[in-house]
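Working notes, beginning with the structure itself.
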Amino acid sequence: MAAHNPSHTQCLQLKSEVSTCPSLGVPPPADCLWTVQLKEYPTSPRRGGSNSSTPGSSCQEGTNGISWLQTLIHVVKGNIGTGLLGLPLAMKNAGIVLGPVSLLAIGLLAMHCMGVLVKCARHFCCRLSKPFMDYGDAMMHALEASPCTWLQDHARWGRYIVLFFLIVDQLGFCCVFLMFLADNLKQVIETANGTTANCQGRGVMTPTPTVDARIYAVSVLPFLVPLVYVRNLRALSTFSALANVLMLGSLVLIFQHLLQEIPDPSSLPLVANWKTYPLFFGTAVFAFEGIGVVLPLENKMQHRAQFPLVLYGGMFMIIILHISFGALGYLKFGATTQASITLNLPNCWLYQSVKLLYLGGICLTYPLQFYVPAEIIVPFAVSRVPNRWAFAVDLGVRTALVCLTCILAILVPRLNLVLSLVGSVSSSALALIIPPLLEISTFYSEGMSPLTIAKDALISILGFVGFVAGTYQALTELIKSGDSLSFPNATGTLDQSPIFNSTLPSSLPKLTF
């Protein structure tokens, strides 16, 4: 590292929040292979560094960094996934007016918290003369800088808390991916005999309940396990690029269908029952879970001073996309809106191909999301065994983690509730609760205005209330659903839709201690 420590004034021009610290022009480690095409927070030690870091923080490559357009594309991709397909049902849980307004508010708060995280990370990069900083390290250094002696003594636990939520968050994503794959694959296969080329007037055909949805979840394991054995992010970036193409094509076709023959919305409630609003909160936060891509992109960008503009511009586009997609989906399907909007598409080959495209994109995205917890857990497990067993343990742990996500997907009965649960528990903590507390801990000793402190406290409190309410409501509904579902792993609205009532059967980094 450079011996020169820049002055506080030299490094911290907090009004712009993006000033370049002179000491950050150091070259990256020679073994830097990390890409930034992930919505991730992976963790492993820096080589030659004194503190641990995550690969998700990426390496600064000076003039060889990515352009603003590439950064914008990655920001948008980092916020598009299965959560987007669940937003129409989230709108149903909030109401046709309250839903879009609340989604706008959550999107703006998430965007603000991303900016806060970048500001705090840049502060410590300059202060400690480091070329890059990850989420966990930023939290640890913030607690070390806090005025509370107890927090300073236990600063490392701040990093462990972030790692815990990262593992829960990313494994939760993988569970949702498997449930999405199982539900959509089941519908495509079991309605194949009634699928035609004509999409006009075609509704959603009731799947013939011949094969349990859990069988479909298990059936995709042979395809997913080899993918998670890939450790090199440069190789995984190819999967990411292909997944982007598949998902983009399917989203265009879905939007085209949603804009056709929108029914009269007068029968839809402006504000839904308050008991379902916490479910909306969890799904909305899940959909905006892109905070993990922020620091990797900022560190990788060629001209860092442009990053705030790119971040806010990209997030503004994401907010518009999420609101329009969720509102149009709810307007189109109303009370029959299902956990994934793909399950509402007409039974013709055009829209069956949409499901297949998205299924392919999800399969290719799975190893990218899985990479995060694997990079935290696998090195820790490998370090506990002799070198001759390292490779076998590596593959064994990866296989076990994939099987764990499959088991969880089998045990949980409803896709929409699990999506909301993951969003309420881990996504709200990482995206809304921790960043404001990070800002307070970072800058309190240097002087903060009471208004800023109040703002941060309010955001964290709102995030915590959503965390508690969303988790409680999702768990309550999951417990209740165990006795009421008409078939296993249902998406939550099939048995409530009139088209199903007559045909469904009555029962059915290494951790451093």
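The values are calculated or read from the model by the stated rules, or taken from the named source; none is laboratory data. All values derive from a computational prediction rather than experimental measurement. With ideal geometry, Cβ positions are generated from the backbone for all residues, glycine too; neighbour counts draw on all protein chains shown. For accessibility, only protein heavy atoms count, side chains too; no ligands or nucleic acids. Shrake-Rupley method; radii C 1.70, N 1.55, O 1.52, S 1.80 Å.
Conditions tested, residue by residue: (1) among the aromatic types (Phe, Trp, Tyr); (2) touching a strand residue (DSSP E or B) at 6+ places or on another chain (Cβ under 8 Å); (3) farther than 19 Å from Pro88 by Cβ.
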residue	(1), (2), (3)
Gly249	no, no, yes
Gln256	no, no, no
Ala272	no, no, no
Thr276	no, no, no
Leu279	no, no, no
Phe288	yes, no, no
Val294	no, no, yes
Leu311	no, no, yes
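Conditions (1) modelled with pLDDT under 85; (2) open to solvent by less than 10 Å² (accessible area, probe 1.4 Å); (3) farther than 30 Å from Ala105 by Cα, marked per residue:
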position	(1), (2), (3)
Lys332	no, no, no
Leu364	yes, no, yes
Val385	no, no, yes
Ala390	no, no, yes
Asp394	no, no, yes
remark   = Every listed condition ((1) open to solvent by 20 Å² or more (accessible area, probe 1.4 Å); (2) modelled with pLDDT of 85 or more) holds for Ser424 save (1)
note = From the option list Phe487, Phe443, single residue qualifying as of a type in the set (Phe, Trp, Tyr) and at pLDDT below 90 is Phe487
ask   = Checking Leu438 against (1) modelled with pLDDT under 90; (2) crowded, with 24+ Cβ neighbours inside 10 Å; (3) touching a Cys at 6+ places or on another chain (Cβ under 6 Å), which single condition isn't satisfied?
value = (1)
remark   = Ser237 vs (1) assigned to a helix (DSSP H, G or I); (2) more than 24 Å from Pro367 (Cβ to Cβ): all pass except (2)
ask   = Is it the case that the stretch 177-198 has a residue that's assigned to a loop (DSSP other than H, G, I, E, B), modelled with pLDDT under 85 and open to solvent by less than 20 Å² (accessible area, probe 1.4 Å)?
value = yes
Qualifying positions in the stretch 247-277 - surrounded by 21 or more Cβ atoms within 10 Å (Cβ to Cβ) and in contact with a Phe, Trp or Tyr (Cβ under 7 Å, 6 or more places away or on another chain) = Met247, Ser250
note = All conditions in (1) small (Gly, Ala, Ser); (2) surrounded by fewer than 23 Cβ atoms within 10 Å (Cβ to Cβ); (3) under 19 Å from Val188 (Cβ atoms) are true of Ser340 except (2)
task = Taking Gly326 as the residue in question, decide whether it is of a type in the set (Gly, Ala, Ser), surrounded by 23 or more Cβ atoms within 10 Å (Cβ to Cβ) and closer than 22 Å to Asp264 by Cα.
result = yes
inquiry  = So in the stretch 133-152, with the set limited to residues that are assigned to a helix (DSSP H, G or I) and open to solvent by 30 Å² or more (accessible area, probe 1.4 Å), which one is farthest from Glu446 (Cα to Cα)?
reply    = Trp150
ask   = If you take the residues in the stretch 153-176 that are aliphatic (A, V, I, L, M) and within 20 Å of Thr365 (Cβ to Cβ), which one is surrounded by the most Cβ atoms within 10 Å (Cβ to Cβ)?
value = Val176
message = Please pick out the residue among Ile376, Ile433, Ile410 that is modelled with pLDDT of 90 or more, under 25 Å from Phe286 (Cα atoms) and either in contact with a Leu (Cβ under 7 Å, 6 or more places away or on another chain) or surrounded by fewer than 24 Cβ atoms within 10 Å (Cβ to Cβ) (or both).
response = Ile433
request  = Being open to solvent by 80 Å² or more (accessible area, probe 1.4 Å) and of a type in the set (Ser, Thr, Tyr) is the filter here, so list the residues in the stretch 446-485 that pass it.
outcome  = Tyr472
